[in-house]
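*Asks:* Below: one structure in structure tokens.
The values are calculated or read from the model by the stated rules, or taken from the named source; none is laboratory data. Since we're looking at a predicted model, the values are computed, not measured. Positions of Cβ are backbone-derived with ideal geometry, glycine not excepted, and every protein chain shown enters the neighbour counts. Only protein heavy atoms, including side chains, enter the accessible area calculation; ligands, DNA and RNA are left aside. Shrake-Rupley method; radii C 1.70, N 1.55, O 1.52, S 1.80 Å.
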Amino acid sequence: MPKIWRPVDLKEAWEIQNELGLGNYCYVAGGTWLRTQWEANLCSMSLNLISLENVSEMTEIQEQVSNGKHEIMIGSSVSLYRCLKSTLLNQYFPPLVAACKKIAAPSIRNQATIGGNIYTTAGDTIPSLLIVKAELLWFNGVDIVAEPLEQWLITLQANQFKRDNRILVGLKMATEEDVKGAFLFFTKVGRRETFTSSLVSVAGKGTLTSAGFFQNVTLAAGGGGYPIRLSEAELELENQCFSPTLFQQIYKSIVVEFQATADPFASADYKKAVAANLITSELYKISGQPGGEQRVVGS
Ligand SMILES: Cc1cc2nc3c(=O)[nH]c(=O)nc-3n(C[C@H](O)[C@H](O)[C@H](O)COP(=O)(O)OP(=O)(O)OC[C@H]3O[C@@H](n4cnc5c(N)ncnc54)[C@H](O)[C@@H]3O)c2cc1C
């Protein structure tokens, strides 16, 4: 049987992990992802499980002002259920709430944490966080250090997904003033309504000016590979109006840029096509084209 450690703060957690040594412990937040790995024999249970549930610094959703910027900070141990009920997140980050709503069933969402969802690198919340340029907050034994989520994903991919010993304390996102014509969306396609992780999930954010120009668009896709920002498609949209040619070009860029991976149910090409279709159809609706509804969040 594994030994369960229950630190009450980051400092104690750090002391325990240092004493045990890298590779001899495993952090457990809600345990919902880990359980599936253990049950499917994808990884063995460590002899030391360090529970994060009592670590005091990671349990809240807070508003803060940092360098004059209004930000929302979410502690890693906040459950997906609490995220989707949060007034602050509903007000400022509806795509994140829409993503949480579409993860698993209520019993899992009560236990599963946002930190665990991000740390797996496959979580459905990640595209909705990439479009708002979320920063991760890491405890390195001395300080809490911020790192852009996008940068963390790029570095991990370059390192063959080798992890270090830092503890994910939470994440922060800057809020923005309401702008006329602003749009946000999150869409997920899965194999069944509630019990599987997604085939593909996509998110987007930006503004459509009154003259019909797309501006400051951020797009992201995940689910069928590791989640990424779709920077090429973003650039191609900047200051452009809807046209069939533009949308064909955006479609092609997404197919090239999204590095989807195949699984037993869907090929990589299929997932790329799904991501490109989902995004272009959301943008089509937003641009007010005939047959499209406008401003869809969490469809
Ligand atoms: C039936 C079922 C359906 C699911 N459906 C979905 C779905 O639709 N979409 C989806 O995205 N996911 C899904 N999941 C996966 C999982 O529930 C979520 O990803 C969940 O958010 C993981 O959070 P957790 O707290 O349970 O993580 P855990 O299982 O506790 O941990 C996940 C990983 O993160 C590490 N970790 C956790 N917190 C920290 C921290 N603070 N610092 C450092 N390391 C940390 C752990 O060591 C572990 O490696 C599903 C799971 C089940 C069982």
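*Asks:* How much length is gained if the chain between ILE4 and LEU235 is pulled fully straight, taking 0.36 nm per residue apart and subtracting their Cα-Cα distance, in nm to one decimal?
*Replies:* 78.3 nm
*Asks:* Would you mind working out the magnitude of the charge dipole of segment 60-174 relative to its Cα centre, with +1 at each Lys and Arg C-beta and -1 at each Asp and Glu C-beta, to the nearest 20 Debye?
*Replies:* Using only the charged Cβ atoms, the result is roughly 360 debye.
*Asks:* Another question, if that's okay. Report ³J(HN,Hα) in whole Hz for each residue of segment 44-51, in order, from the Karplus equation J = 6.51 cos²θ - 1.76 cosθ + 1.60 where θ = phi - 60°; Gly and Pro get x.
*Replies:* 8, 6, 5, 6, 10, 10, 9, 6
*Asks:* Going by the alpha-carbon gyration tensor, a ≥ b ≥ c the square roots of its eigenvalues, is segment 60-174 rounded (a/c under 1.5) or, if a/c is not under 1.5, prolate (a/b greater than b/c) versus oblate? Write out the running numbers ahead of the final one.
*Replies:* Working: a/c = 1.60, a/b = 1.17, b/c = 1.37.
Judged from the Cα gyration tensor, segment 60-174 comes out oblate (a/c at least 1.5, b/c at or above a/b).
*Asks:* My understanding is that a pair violates if its Cα-Cα distance is over 28 Å; which of LYS102/LYS285; LYS101/LYS205; LYS11/LYS172; LYS3/LYS188; LYS133/LYS285; LYS205/LYS271 do that in this structure?
*Replies:* Among LYS102/LYS285; LYS101/LYS205; LYS11/LYS172; LYS3/LYS188; LYS133/LYS285; LYS205/LYS271, the Cα-Cα distance tops 28 Å for LYS3/LYS188.
*Asks:* Starting from segment 244-278, pick out the chymotrypsin sites (Phe, Trp or Tyr not before Pro) whose DSSP state is loop and whose Cβ has at most 15 other Cβ atoms within 10 Å.
*Replies:* Passing sites in segment 244-278 are PHE265.
*Asks:* Efficiency by 1/(1 + (r/R0)^6): what FRET value for VAL65 and ALA40, r their Cβ-Cβ distance, R0 = 51 Å, to the nearest 0.05?
*Replies:* Plugging the Cβ-Cβ distance into 1/(1 + (r/R0)^6) gives 0.70.
*Asks:* While we're here: Give me the Kirkwood hydrodynamic radius of the chain in Å, from all C-alpha pairs, to one decimal place?
*Replies:* After inverting the mean inverse Cα-Cα distance, the result is 20.0 Å.
*Asks:* Per DSSP helix of 4 or more residues, -39500 (n - 2.57); summed, then divided by the residues of the chain. What does that give at 222 nm, rounded to the nearest 500?
*Replies:* So the helix-based figure for the chain works out to -10000 deg cm²/dmol.
*Asks:* From Cα pairs below 8 angstrom and at least 6 apart in sequence, can you work out the relative contact order of the chain, rounded to a whole percent?
*Replies:* 14
*Asks:* Can you give me the relative contact order of segment 3-51 as a percent, contacts being Cα pairs under 8 Å and 6 or more apart?
*Replies:* 55
*Asks:* What's the carbon and sulfur percent of the chain's accessible surface, probe 1.4 angstrom, rounded to a whole number?
*Replies:* So the carbon and sulfur contribution to the accessible surface is 52 percent.
*Asks:* Can you give the Rg/Rh ratio of segment 182-286, where Rg is from the C-alpha atoms and Rh is the Kirkwood radius?
*Replies:* Reported Rg/Rh (Cα atoms, Kirkwood Rh): 0.98.
*Asks:* Give, as a single signed number, the net charge of other residues whose beta carbon lies under 12 Å from the beta carbon of ILE50, with Lys and Arg counted +1 and Asp and Glu -1.
*Replies:* Working: positive: LYS3, ARG6; negative: GLU12, GLU15, GLU19, GLU53.
That works out to -2.
*Asks:* Where the only charges are on Cβ atoms (+1 Lys, Arg; -1 Asp, Glu), what is the dipole of segment 157-282 about its Cα centre, to the nearest 20 debye?
*Replies:* Computed charge dipole of segment 157-282: roughly 480 debye.
*Asks:* Defining a contact as two alpha carbons under 8 Å apart and six or more residues distant in sequence, what relative contact order in percent does segment 182-286 show?
*Replies:* 22
*Asks:* Can you tell me the accessible area per residue over segment 1-133, all protein chains present, probe 1.4 angstrom, in square angstrom?
*Replies:* I get 49 Å² per residue for this part.
*Asks:* While we're here: So, counting K/R as plus one and D/E as minus one, what does the shell of residues with Cβ under 13 Å around LEU235 add up to?
*Replies:* Numbers: positive: ARG229; negative: GLU232, GLU234, GLU236, GLU238, GLU257.
Net of charged neighbours comes to -4.
*Asks:* Let me know the shape class of segment 135-219, please: from the alpha-carbon gyration tensor, a ≥ b ≥ c as square roots of the eigenvalues, rounded when a/c is under 1.5, otherwise prolate if a/b is greater than b/c, or oblate.
*Replies:* Taking the square roots of the gyration eigenvalues as a ≥ b ≥ c, segment 135-219 is oblate.
*Asks:* Can you give the FRET efficiency to the nearest 0.05 for ASN165 and PHE265, using r as the Cβ-Cβ distance and R₀ = 35 Å?
*Replies:* Efficiency at R0 = 35 Å is approximately 0.50.
*Asks:* Then there's this: About its Cα centre, what dipole magnitude does the chain give when the only charges are +1 on Lys and Arg Cβ and -1 on Asp and Glu Cβ, stated in debye to the nearest 20?
*Replies:* 780
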